[in-house]
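Q: Quick one: this structure, given as C-alpha cells, is what I'll be asking you about.
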Amino acid sequence: MNVLAEELNRSLDGTCAGRLLSKTGTRMYFPKGILSQSAEASERAKRYNATIGMAFSNGEPMALDSVLDQLPGLSRREAVAYAPTAGVPATREAWRKQMIKKNPSLSGAKFSLPVVVPGLTAGISYLADMFVDEGDPVIVADMFWPNYRLIMEERKAARLASYAFFTPEGGFDVAGLERATTEASKTSRKAVVILNYPNNPTGYTPSETEAEAIKAALIRVADSGVDILVISDDAYFGLQYEPGNLRESMFARFAAAHPRILAAKVDGQTKEDYVWGFRGGFVTFANPDLGDKGYDALVKKLMGVVRSSVSNSTAPTQHILAKAMADPRYESQKAEFGAVLERRYRKVKDFLASTPAPRGFKALPFNSGYFMCFECSGFSAEALRLRLLDERGVGVISIQDKWLRVAFSSVDESQVFDLYAEVFAAAEAMTRA
C-alpha cells in the first residue's frame, strides 16, 4: 500500500470512518505528483511556472475567441483553466455558507469543506468507491432511484436491502428502516443507509417527527455496535410544499449524532439552482469523532477517487455558480421558480381531490419535489406506461412494474389537469382490459 494511503489511514484509526472504508477506500490517497507540485509552484514560482499542462500566452491561458464569446461573464482563467481536484475554493466556501444558511442547526457544527464532484450521481458513486465492498449491505426504501441499483449492485456488487417506504397508514416506515438495517448488518456489523428527501420517485419528505424517529432508529442500531454510513441524497433539497415537512437535510441531524455514524451529504446545483446540464455536485462529511486531521484524510481520499476517475470537475460551471450565489437576485429567483413548482403541485392535489380514481389505481402520499406516484393493483404499470405513450402521446415512468411516476415538474400549470385526465383515462381502460 502506498505510504500516503497509510498515513491517511492512521489519521482515521479508531473512528467509524476508518472502519467503514472499503478496500479501495483504504488504498486511496491524493498523490504528491504533478498537481501538488503545480500548486506549490503557483504560490512560489515567481519567475516562470513550467509545471501544468496548459498553454499560456502573456501570463494568461490561451483561449479561442469563439469560445470566450459564449462566456462573457468569465475571465480567461475561469473559462478554460483546470479547476483544482477538490473544486474551486471560492465555490466550495460559498456552498458551505449556503449549507449553513439552509440548515441552521449546522451553525457551529464541525464538518468537512464540501468537495466538488461532477454531479450527484458521481458523488454517490464515489462514496461507494470509498466505503462499499462486494457483499456489503446498502439499505434503501423499496421505492428508490433506479441508479442506486446500478451503482451499488452492479458496479460494487453490494447487497441492496429494502423496506417498504410507506406504512399502511401512509407515513414513512421508520420501523421498517430500523429492521432492515439491523438485519442486513448482523454479519458485517456495517451498513450503508441512503436517505433521499424529497424522494425520487415518490415526491415524499418525512415530517419533523418522522425525521427525529429516523435519527433515533439509526442511533439504536449504532448503539448495538454497527458502523453506519448515512448518505443524505439531497438532489431535490428545498422543494417542500407542506408546513409539516422536514426543511433541513437529514445530514444536519446525523452530523454529530453518534460516534459510529458517519454522515455524508451529496447535494449540488443540478436541481437546486435549475442547471441540470452543469453536472455539478458536492460531497461533505461529518462525524463527532473526526477532527481536522480526520476530515483532511477523508477529503484527500475523495480527491484521490476524483483524480483517478475524471481528474477534476468542470471549472466554468463552478465559477458561474459562485458568481450566481453572490448575485443579489439569486435567492429571489430561486424562490420564484420554487413557487411555480408548488403551484403545479397544488394543481395535482386539486385534480386528485376532485376526480375519482380508477379501480386499482392509487395515488401514494406526496408533499414535495418533482414527482408523485400511483400504485397499480391488478394491472401492469409498464403496460399502462406503454398505453399512455402509444395511444395518448403521454410519457411517464414505470417502476418495478408496480408504480407509475408522473413528473408534474415538467408540465405547465395550465396543462396539469389535462395530463392527469389522460393518465386516469388510460388507467380506467386498463381495468376494463
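Q: Look at residue 362 and say whether it is touching a strand residue (DSSP E or B) at 6+ places or on another chain (Cβ under 7 Å) and exposed (fewer than 14 other Cβ atoms within 10 Å of the Cβ). Steps first, answer last, please.
A: On the way: touching a strand residue (DSSP E or B) at 6+ places or on another chain (Cβ under 7 Å): yes; exposed (fewer than 14 other Cβ atoms within 10 Å of the Cβ): yes.
Yes; evaluated as a whole, the condition is true for this residue.
Q: Listed residues 74, 68, 12, 21; which is surrounded by 11 or more Cβ atoms within 10 Å (Cβ to Cβ), at pLDDT 90 or above and in contact with a Phe, Trp or Tyr (Cβ under 8 Å, 6 or more places away or on another chain)?
A: Details: 74 fails: in contact with a Phe, Trp or Tyr (Cβ under 8 Å, 6 or more places away or on another chain); 68 fails: in contact with a Phe, Trp or Tyr (Cβ under 8 Å, 6 or more places away or on another chain); 12 fails: in contact with a Phe, Trp or Tyr (Cβ under 8 Å, 6 or more places away or on another chain).
The match here is 21.
Q: Here's something else I'd like to know. Starting from residues that are of a type in the set (A, V, I, L, M, F, W, C) and surrounded by fewer than 17 Cβ atoms within 10 Å (Cβ to Cβ), keep the ones in the range 81-119 and report whichever is modelled with the lowest pLDDT. Break it down into steps so the answer makes sense when it comes.
A: Residues of the range 81-119 of a type in the set (A, V, I, L, M, F, W, C): 81, 83, 86, 88, 90, 94-95, 99-100, 106, 109, 111, 113, 115-117.
From the residues that got through so far, the ones that are surrounded by fewer than 17 Cβ atoms within 10 Å (Cβ to Cβ) too are 90, 100, 109.
Values: 90: 95, 100: 97, 109: 92.
Applying the filter and picking the extreme gives 109.
Q: Looking only at the range 7-58, filter to residues that are acidic (Asp, Glu) and in the same structural domain as residue 284 (by TED's automatic domain parsing); which one of those is farthest from residue 301 (Cα to Cα)? It would help to see each step written out before you state the result.
A: Applying the first criterion (acidic (Asp, Glu)) to the range 7-58 yields 7, 13, 40, 43.
Narrowing further to those that are in the same structural domain as residue 284 (by TED's automatic domain parsing): 7, 13.
Working: 7: 11, 13: 14 Å.
For the range 7-58, the residue satisfying everything is 13.
Q: Tell me, yes or no, whether the range 277-288 has at least one residue that is touching a Cys at 6+ places or on another chain (Cβ under 7 Å), part of a loop (DSSP other than H, G, I, E, B) and either farther than 24 Å from residue 342 by Cα or among the polar types (S, T, N, Q) (or both).
A: Kept after step one, since they are touching a Cys at 6+ places or on another chain (Cβ under 7 Å), are these residues of the range 277-288: 287.
Still in the list and also part of a loop (DSSP other than H, G, I, E, B): 287.
Going one step further and asking which of them are either farther than 24 Å from residue 342 by Cα or among the polar types (S, T, N, Q) (or both), we end up with 287.
Among the residues of the range 277-288, at least one is touching a Cys at 6+ places or on another chain (Cβ under 7 Å), part of a loop (DSSP other than H, G, I, E, B) and either farther than 24 Å from residue 342 by Cα or among the polar types (S, T, N, Q) (or both), which makes the answer yes.
Q: Right, something else. When the residues of the range 120-143 are filtered to those that are out of contact with any strand residue (DSSP E or B) (no Cβ under 7 Å at 6 or more places or on another chain) and closer than 26 Å to residue 202 by Cα, which remaining residue is surrounded by the fewest Cβ atoms within 10 Å (Cβ to Cβ)?
A: 121
Q: How do the pairs read when you match residues in the range 40-60 that are modelled with pLDDT of 85 or more with residues anywhere that are basic (Lys, Arg) and outside any loop (DSSP other than H, G, I, E, B), using Cβ under 9 Å and keeping only pairs 6 or more apart or on different chains?
A: The qualifying pairs are 60/76; 60/77.
Q: Right, another one. Which of (1) without any contact (Cβ under 8 Å) to a residue 60 or more places away in the chain; (2) in contact with a helix residue (DSSP H, G or I) (Cβ under 8 Å, 6 or more places away or on another chain); (3) surrounded by fewer than 23 Cβ atoms within 10 Å (Cβ to Cβ) does residue 150 not meet, given it meets every other one?
A: Condition (2) is where residue 150 drops out.
Q: Further question on the same structure: Looking at residue 270 and the list (1) assigned to a helix (DSSP H, G or I); (2) within 24 Å of residue 15 (Cα to Cα), which single condition is not satisfied?
A: (2) is the only condition that residue 270 fails.
The values are calculated or read from the model by the stated rules, or taken from the named source; none is laboratory data. Every value quoted in this text rests on a predicted model; they were computed, and no experiment measured them. Ideal geometry is used to build each Cβ from the backbone, glycine not excepted, and the neighbour counts take in all protein chains shown.
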